Each structure stands twice: as structure tokens, then as C-alpha cells.
1. Can you give the FRET efficiency to the nearest 0.05 for VAL128 and ASP47, using r as the Cβ-Cβ distance and R₀ = 41 Å?
2. Before I look further, what does the stretch 89-166 give for accessible area per residue, probe 1.4 Å, in whole square angstrom?
3. Evaluate the Kirkwood expression for the hydrodynamic radius of the stretch 139-206, namely the inverse of the mean inverse distance over all pairs of different C-alpha atoms, and round to one decimal in Å.
4. Taking the Cα-to-Cβ direction at LYS136 and at ALA75 and moving 7 Å from each Cα, how far apart do the two end points lie in nm?
5. With a 1.4 Å probe and all protein chains in place, put ASP163, ASP83, ASP139 in order of accessible area, largest first.
6. Give me the Å³ per residue figure for the convex hull around the C-alpha atoms of the stretch 89-206.
7. To the nearest 0.05, what FRET efficiency results for VAL164 and ALA191 with a Förster distance of 22 Å applied to their C-beta separation?
8. Filter the chymotrypsin sites (Phe, Trp or Tyr not before Pro) in the stretch 145-206 to those in DSSP coil with at most 16 other Cβ atoms within 10 Å of their Cβ, and list the result.
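The values are calculated or read from the model by the stated rules, or taken from the named source; none is laboratory data. Here the structure is a predicted model, which means the values were calculated and not measured. Using ideal geometry, Cβ is built from the backbone for each residue, glycine included, and neighbour counts are taken over all protein chains shown. The area values use the complete protein model at the heavy-atom level, side chains included, leaving out ligands, DNA and RNA. Shrake-Rupley method; radii C 1.70, N 1.55, O 1.52, S 1.80 Å.
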Amino acid sequence: MTKRTAAKYKIDRRMGENIWGRAKSPVNRREYGPGQHGQRRKNKLSDFGTQLRAKQKLKGHYGDLTEKQFRRIYAEAERVKGDTGENLIGLLERRLDAVVYRAKFVPTIFAARQFVNHGHVEVNGQRVNIASYRVKEGDVVSVRERSRQMALVLEAVGSAERDVPDYLDVDTNKLTATFVRTPALGDVPYAVVMEPNLVVEYYAKN
């Protein structure tokens, strides 16, 4: 299991937002940050602080990626023609663990990473155990047949907590998801406002 799994709600509290929209998030009960100094009055963030927060929030949403991983994805987004912020979102959503999470095969992005790493997922009929594997348009992601009765899969598929976005074509009976197209920012069902433009500004200055 990823070392960040136990701390997923700390990410919510650190950001002061329920970034996955989960009912159990501690932010639903108390909006202040973690630790003994969490209830201190918050000062207005500087431009740098606002940009850093936007980066940390986006990075955290995808399972609290390491800075090295996230910066590598950003660098690729910058090289691709078009809007860098939109490119960044598209690349993040093409990660295999993100597709597994969006398809509702598992309840959380952290579970999605573990699920992929443990070999429960196939892409176009071939087992893939790399969470950062990048799917392409038309790829079919599926839960391996022997894994379809796992408790967390049944829980996630039956949950009404979130909807499947329309850039995935999901068959809940066969537990398959076809990646129809690379989404734009407005297509992704974030529970909170994400601002990739601020992430671009952050890296432009640092």
C-alpha cells in the first residue's frame, strides 16, 4: 500500500478543502488545518502562496504524487502544443490509476494505485501493474476476471458518491472502461475548483 494512504484526510485538512468530495472528509466537520496550530487565523496568501497551494491541491488529488513525478508531467505538458494547463490535466487524467478511479472500480485514488500495482487491471487484455501507465484514446481498461468480486470493487461500483465522467464509456457488468477522449479541465469532475493556470505560473517562476 502506498505510504500516503493513511494520510489522505490530512491532505484535505492541509488544503482546507474536501478535494475528493468524500462524505467522511474531516473538512466536513472542521475547516481548520491539522496540528496544534491549525486553528490560528489564516493570513491572506501571497501570489506565490496561492500558486503553491494550487499545485499542492492538484498534486494531492492524484494521490499526492511526488514533486519529481508531478514536475516531469508538467514538463511534458509544456512541450506539447496548446494550453499548458489543459495539457497538464489531460496527461494526469490519462494515468491508469486515474482512469481506474474515475471509472469507479475502486473507492479512492489511493486504492486505485494499489489496485493497479497489485496486478488487478488489464489494458486491452494485457495485465498492466504500473499506476503511471498512460492510456490512449480507444484503450479498454478492465478489472481482471478473478478480481471482480473483491469487496472494494463491489463497494465502489455500487456507490452513489460520485458519477463517471463522459470521457469514459463504462460497462459496470463487465467492469470495463473505454477511454473515449482526453478531457479538458471543464470535463473532469473535480469536487473543488482546480486552477492549473496557477500551477503554470508557479513553475514559470520556480
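1. On the way: r = 40 Å, r/R0 = 0.98.
Between VAL128 and ASP47 the formula returns 0.55.
2. Result: 44 Å² of accessible area for each residue.
3. On the way: mean 1/r = 0.0686 Å⁻¹.
Hydrodynamic radius (Kirkwood, Cα pairs) of the stretch 139-206 is 14.6 Å.
4. Taking the two extended label points, one gets 2.4 nm.
5. On the way: ASP163 125, ASP83 95, ASP139 10 Å².
Ranking ASP163, ASP83, ASP139 by accessible area, largest first, yields ASP163, ASP83, ASP139.
6. Values: hull volume 12.6 nm³, N = 118.
Each residue corresponds to 107 Å³ of Cα convex hull volume.
7. On the way: r = 15 Å, r/R0 = 0.66.
Taking R0 as 22 Å, the efficiency between VAL164 and ALA191 is 0.90.
8. Details: sites: TYR167, PHE179, TYR190, TYR202, TYR203; in loops: TYR167, TYR190.
Sparse-neighbourhood loop chymotrypsin sites (Phe, Trp or Tyr not before Pro): TYR190.
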